[in-house]
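First the structure, in the form of structure tokens, and then the observations on it.
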Amino acid sequence: MPFAPRKKLPHDVPFWVRPGSLFFVTICALPRGADSLCGPTVAPTLLAAVRAYHEREIWYARLAVLMPDHWHALLAFPPDRTMRTVLAQWKSYTAKHTGVTWQRDFFDHRLRGDESLDLKVEYVRRNPVRAGLVARAEEWPWVFEAETGIRNVGTGGTDVGPGGPDATRWA
């Protein structure tokens with residue numbers, strides 16, 4: 001049975017949403033189910049791109065976790081950039097530098113309060129545990145956190161310290 005065509009989502013942030021609001025974002029790689037993102041050359045490149053966008057204030061990356069075929073992030077965008085454009089540019093850049101084929105579009109959900117933030121942080125951090133990839137979230141190497149930098153311990157890499165903006169400056 002063929003699947004119905006996917007609708008193209010607008011991803012426009014309503015005018016009443018405060019600048020600097022965090023969004024839970026998921027981007028999937030193709031083919032689904034394959035380990036396209038966590039290889040020893042691809043994963044560090046993707047996390048370096050997350051960090052570079054963060055440091056250049058193209059976005060504020062509170063947290064990003066790579067999974068084998070998708071990644072989750074908690075991101076805020078400055079008022080002069082649209083989420084759709086920033087994510088499209090990031091996907092294009094990383095596709096050229098890693099060979100990853102990204103699924104069209106992405107999923108986003110605006111976080112509406114501290115309770116929602118705490119739940120999403122826990123959900124994103126524990127995703128590798130739920131997938132059976134590690135026993136504890138702290139063991140997963142492919143993580144970027146704004147407060148601590150890139151965690152890359154599972155591959156013999158080194159931690160990179162924090163840097164970049166704070167999303168509250170856009171509020």
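Would you confirm whether any residue within region 54-67 is of a type in the set (F, W, Y), within 21 Å of I150 (Cα to Cα) and within 13 Å of the chain's Cα centre (by Cα)? So that I can check it myself, show each step before the final result.
Initial filter on region 54-67 (of a type in the set (F, W, Y)): 59-60.
Now narrow it down to the ones that are within 21 Å of I150 (Cα to Cα): 59-60.
Those left that are additionally within 13 Å of the chain's Cα centre (by Cα): 59-60.
So far as region 54-67 goes, yes, one or more of its residues are of a type in the set (F, W, Y), within 21 Å of I150 (Cα to Cα) and within 13 Å of the chain's Cα centre (by Cα).
Being under 22 Å from V124 (Cβ atoms), surrounded by 20 or more Cβ atoms within 10 Å (Cβ to Cβ), modelled with pLDDT under 95 and over 11 Å from the mean Cα position of the chain (by Cα), is that true of even one residue in region 12-35?
Among the residues of region 12-35, at least one is under 22 Å from V124 (Cβ atoms), surrounded by 20 or more Cβ atoms within 10 Å (Cβ to Cβ), modelled with pLDDT under 95 and over 11 Å from the mean Cα position of the chain (by Cα), which makes the answer yes.
Only one of (1) in contact with a Cys (Cβ under 8 Å, 6 or more places away or on another chain); (2) within 17 Å of T41 (Cα to Cα) is not met by Q103, so which one is it?
It fails just one condition, (2).
Which one of the conditions (1) free of Cβ contacts under 8 Å to residues at least 40 places away in the same chain; (2) within 18 Å of G20 (Cα to Cα); (3) part of a helix (DSSP H, G or I) does A88 fail to meet, given that it meets all the rest?
Unmet condition: (2).
When you go through F144, F106 one by one, which is the residue that is more than 16 Å from Y60 (Cα to Cα), in contact with a strand residue (DSSP E or B) (Cβ under 6 Å, 6 or more places away or on another chain) and either hydrophobic (A, V, I, L, M, F, W, C) or surrounded by fewer than 12 Cβ atoms within 10 Å (Cβ to Cβ) (or both)? I'd like the intermediate steps shown before the answer.
Details: F144 fails: more than 16 Å from Y60 (Cα to Cα).
F106 is the lone residue from the list that is more than 16 Å from Y60 (Cα to Cα), in contact with a strand residue (DSSP E or B) (Cβ under 6 Å, 6 or more places away or on another chain) and either hydrophobic (A, V, I, L, M, F, W, C) or surrounded by fewer than 12 Cβ atoms within 10 Å (Cβ to Cβ) (or both).
Being of a type in the set (S, T, Y), more than 19 Å from S36 (Cα to Cα), surrounded by 13 or more Cβ atoms within 10 Å (Cβ to Cβ) and within 15 Å of the chain's Cα centre (by Cα), is that true of even one residue in region 109-124?
Going through region 109-124, the residues of a type in the set (S, T, Y) turn out to be 116, 123.
Remaining after also requiring more than 19 Å from S36 (Cα to Cα): 116, 123.
From what is left, the residues that are surrounded by 13 or more Cβ atoms within 10 Å (Cβ to Cβ) are 116, 123.
Remaining after also requiring within 15 Å of the chain's Cα centre (by Cα): 123.
Checked against the condition, which is being of a type in the set (S, T, Y), more than 19 Å from S36 (Cα to Cα), surrounded by 13 or more Cβ atoms within 10 Å (Cβ to Cβ) and within 15 Å of the chain's Cα centre (by Cα), region 109-124 yields at least one hit.
Going through F77, F106 one at a time, which residue ends up being farther than 16 Å from L37 by Cβ and either touching a helix residue (DSSP H, G or I) at 6+ places or on another chain (Cβ under 6 Å) or of a type in the set (D, E, K, R) (or both)?
So the residue among F77, F106 that is farther than 16 Å from L37 by Cβ and either touching a helix residue (DSSP H, G or I) at 6+ places or on another chain (Cβ under 6 Å) or of a type in the set (D, E, K, R) (or both) is F77.
Regarding R56, is this residue buried (at least 17 other Cβ atoms within 10 Å of the Cβ) and either at pLDDT below 95 or not hydrophobic (A, V, I, L, M, F, W, C) (or both)?
On the way: buried (at least 17 other Cβ atoms within 10 Å of the Cβ): no; either at pLDDT below 95 or not hydrophobic (A, V, I, L, M, F, W, C) (or both): yes.
For R56, the condition - buried (at least 17 other Cβ atoms within 10 Å of the Cβ) and either at pLDDT below 95 or not hydrophobic (A, V, I, L, M, F, W, C) (or both) - is not met.
Would you be able to tell me the number of residues in region 55-68 that are more than 15 Å from P141 (Cα to Cα), in contact with a Leu (Cβ under 8 Å, 6 or more places away or on another chain) and touching a residue at least 40 places away in the same chain (Cβ under 8 Å)? Explain how you work it out, then say what you get.
Of all residues in region 55-68, those more than 15 Å from P141 (Cα to Cα) come to 55-62.
With the extra rule that they be in contact with a Leu (Cβ under 8 Å, 6 or more places away or on another chain), the set shrinks to 59-62.
From what is left, the residues that are touching a residue at least 40 places away in the same chain (Cβ under 8 Å) are 60-62.
Qualifying residue count, region 55-68: 3.
Only one of L46, L63, L75 is modelled with pLDDT of 95 or more, part of a helix (DSSP H, G or I) and closer than 27 Å to R126 by Cβ; which? Give the steps one after another, and end with the answer.
On the way: L63 fails: part of a helix (DSSP H, G or I); L75 fails: part of a helix (DSSP H, G or I).
So the residue among L46, L63, L75 that is modelled with pLDDT of 95 or more, part of a helix (DSSP H, G or I) and closer than 27 Å to R126 by Cβ is L46.
Can you name every residue in region 64-86 that is surrounded by 22 or more Cβ atoms within 10 Å (Cβ to Cβ) and touching a strand residue (DSSP E or B) at 6+ places or on another chain (Cβ under 7 Å)?
Of everything in region 64-86, those that are surrounded by 22 or more Cβ atoms within 10 Å (Cβ to Cβ) and touching a strand residue (DSSP E or B) at 6+ places or on another chain (Cβ under 7 Å) turn out to be A64, V65, W71, A73, L74, L75, A76.
The values are calculated or read from the model by the stated rules, or taken from the named source; none is laboratory data. Since the structure is predicted, the reported quantities are computational estimates derived from the model, not experimental observations. Using ideal geometry, Cβ is built from the backbone for each residue, glycine included, and neighbour counts are taken over all protein chains shown.
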